[in-house]
Amino acid sequence: MDHSHTADTPLQTQFNAQTLTELMLVGTSLLATVRYHETSLPKRGMDALLGKLPLIGSAPIAMDLDLSCLLFDKQFGLVDIVWYGKLRTDDEAIRHGGDALSGAKSFEDSLINQEEIRIRPDEIDERIAHMVFVLTSHHNQPIRLAKKGVASLMDNEQNIAHSVLLDTLPKSCQAVLTWHLAKDGADWRIDAPLLPLTINRQSDKQPQALIQQVTSLLSSQTRWSHD
């Protein structure tokens, strides 16, 4: 049975952990992507407080979604982080496409990914046993409000392993553990936890600040651990 999905098939919101082989992802690269249309919303939190200052103003602010990849060894010790502050691993096996500061503003923009991380599984540092993808909202806005927002994990042949419509996320979610890829022998097993992360301060959205929360969640879910 063909478990893979093309870009034209319906989006998946439920997902059972499977390997790349089981999903028949035949491409040489994996792509973690986010697409959404420009979405302007009232300022929240510190942005709202600063907006009361005369020189800053209270005009709505465009939503800015950020995708990060946290890389761990077998014991969930941090090996590296790929995000808009560090666009690639030293061996360039994992590369961030750069930080888009807003959603698509035109039809042409809507045809490309606003956030993209490209992974070449066969070239990844042998120390890495877990790849964890986290989606965050930079300006404290709920991710689910992103217009026509969708996050997808696919190969470079457009076979989709998993996609989620962002408007299905919890109401106040500003950060979500989207995908977890665990080393499984010579393969990688993909899971889509879609677990909201707790955000109390703007600094909590930095990948470094999410490490403890992410590792605690993953360590407590033994079904994701594959030594």
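Just so it is clear, none of the values below were taken in a lab; they were calculated from the coordinates. For clarity, every value in this text was computed on a predicted model and none was experimentally measured. Cβ: placed from backbone, ideal geometry, glycine included. Neighbour counts: every protein chain shown.
If every alpha-carbon in the stretch 18-219 counts as one equal scatterer, what log10 I(q)/I(0) does Debye give at q = 0.17, 0.19 1/Å?
Normalising to I(0) and taking log10 leaves -1.15, -1.41.
Which Cα, out of SER163, SER203, LEU23, lies furthest along the positive dipole direction of the stretch 18-219 (beta carbon charges, K/R +1, D/E -1)?
Selected residue: SER203.
Each residue of the stretch 144-158 in turn: what ³J(HN,Hα) in whole Hz from Karplus with 6.51, -1.76, 1.60 and θ = phi - 60°, glycine and Pro shown as x?
In residue order, the calculated couplings are 5, 7, 4, 5, 6, x, 8, 10, 9, 10, 8, 9, 7, 9, 6 Hz.
Given R₀ = 30 Å, FRET efficiency for GLU108-VAL26 by Cβ-Cβ distance, to 0.05?
With a Förster radius of 30 Å, E is 0.55.
Between ASP125 and SER220, take the C-beta separation as r, use R0 = 22 Å, and let me know the FRET efficiency to the nearest 0.05.
For ASP125 and SER220, the calculated efficiency is 0.30.
Can you compute the charge dipole magnitude of the stretch 18-219 about its Cα centre, using +1 on each Lys and Arg Cβ and -1 on each Asp and Glu Cβ, nothing else charged? Give it in debye, rounded to the nearest 20.
1020 debye
Give me the extension gain from ALA62 to LEU145: residue separation times 0.36 nm, minus the current Cα-Cα distance, reported in nm with one decimal.
Extra length available between ALA62 and LEU145 comes to 28.8 nm.
Taking the Cα centre of the stretch 62-143 as origin and charging only Cβ (+1 Lys, Arg; -1 Asp, Glu), how large is the dipole, in debye to the nearest 20?
180 debye
Quick one: net charge of ARG189's neighbours, Cβ under 9 Å, K/R +1, D/E -1?
Once positives and negatives cancel, what remains is -3.
Say the dipole of the stretch 18-219 comes from +1 at the beta carbon of Lys and Arg and -1 at that of Asp and Glu; which of MET154, PRO142, ILE124 then lies farthest toward its positive end?
PRO142
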